[in-house]
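Report on the following structure.
Bear in mind that the values in this text are calculations on the coordinates, not laboratory data. Everything quoted here is computed from the prediction, not taken from an experiment. All Cβ positions, even for glycine, are placed from backbone atoms using ideal geometry, and neighbour counts span all protein chains on display.
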Amino acid sequence: MQRDLRLAGVGRRYGLRGPWVLRGVDLTLTPGTLTRIEGANGTGKSTLLRILARLDAPSEGRVTGRPRTAYVPERFPSALPFTAVGYLTHLGTIHGLSRRTAQRAAGTWLERFGAGAYAGTPMAQLSKGSSQKVAVAQALLAEPELLVLDEAWTGLDAAARAELERAVAERTATGGAVVFVDHDPRRLAGAPDATYTVLHGGLKLRTAQASSSAGPLTLVIVRGPAGEQLPPDAARTAVRAEQAAPGVHRLAVPASHSDVVLRILLTARPPWHVVSVTPPPDDPVPNPGSHP
């Protein structure tokens, strides 16, 4: 992302005399960060996300910064006159991709979310879950600088939910910013750089103590080339990183981000050697030493 996205004193109400949904909201989203937004139903979370995505204008205050933004709404209009791959290809060209590149990216993302078999299916005939996979794919195919997710995991099967978590980790690891709302408190547990609660129209930052629950962590032990520092993207993603011995590092990584961290290490130049990978205790299939 080229620069921060900043909200300064932002308020939003519908109608000149309507009640304020949001007021006095200050928020900065910086490159490479993951931000969670919480709050009870009806408090204005979706309104805030629409302002961040620049789909809705504030009634007062300022929004500055224009990162390339993609948005997954809570409800996706699936009855569109396209096939799944046709819709994604069309959006990719709008985002500046060539038609060939857009079509290739569309196929890749449909496959990643387990919807490759439905690429040629008209959107109106897709199930709710398959439509949601297309909704998520359209937000990811052009590699946005800011990704805004409003309950994007709703309706996805378990494999697709895990894939979306990996995609979020990839976005932040490569310098993008992601902001999300999700009803499951375990979603991306331990990964957010900041968590805010929408309360009485304002935005409250969780205290460091309240946000320190790391959630399930994967322990990764790696050995690097002599004299090499941990790749910055891997170090930034880890909750904890320590040097256990010369050249050997022990990383505690949010379980949702472990695949991405391993990929960073294994594709570094020169590559790092993965000594062991220990998943969280509740992982049903421990597999030390595995890698993507």
Placed amide H near THR83: partners under 5 Å, 5+ positions off or other chain: MET123
Using only Cα atoms and rounding to the nearest 10 degrees, what angle (0 to 90) does helix 158-173 make with the longest principal axis of the chain? 80 degrees
Could you order peptides 133-146, 156-169 by the average number of other Cβ atoms within 10 Å of their residues, highest first? 133-146, 156-169
FRET efficiency, 1/(1 + (r/R0)^6) with R0 35 Å, evaluated for THR28 and SER276 via beta carbons: 0.40
The FRET efficiency for ASP157 and GLU60, from their Cβ-Cβ distance with R0 = 30 Å and rounded to 0.05, is 0.10
Go ahead and set up a Gaussian network model of the chain, Cα springs under 10 Å, then flag whichever of PHE113, PHE82, PHE180 fluctuates most. PHE82
Contact order relative to length of segment 74-131, as percent, for alpha carbon pairs under 8 angstrom and 6 or more apart: 47 percent
Need the full-extension length gain, ARG100 to TYR14, defined as separation in residues times 0.36 nm minus the C-alpha distance. One decimal, nm. 26.8 nm
Relative exposure of ILE94, ILE264, judged by other C-beta atoms within 10 Å (fewest first): ILE94, ILE264
Please compute the contact order of the chain in relative form: average sequence separation of alpha-carbon pairs under 8 Å and at least six residues apart, divided by the residue count, as a percent. 18 percent
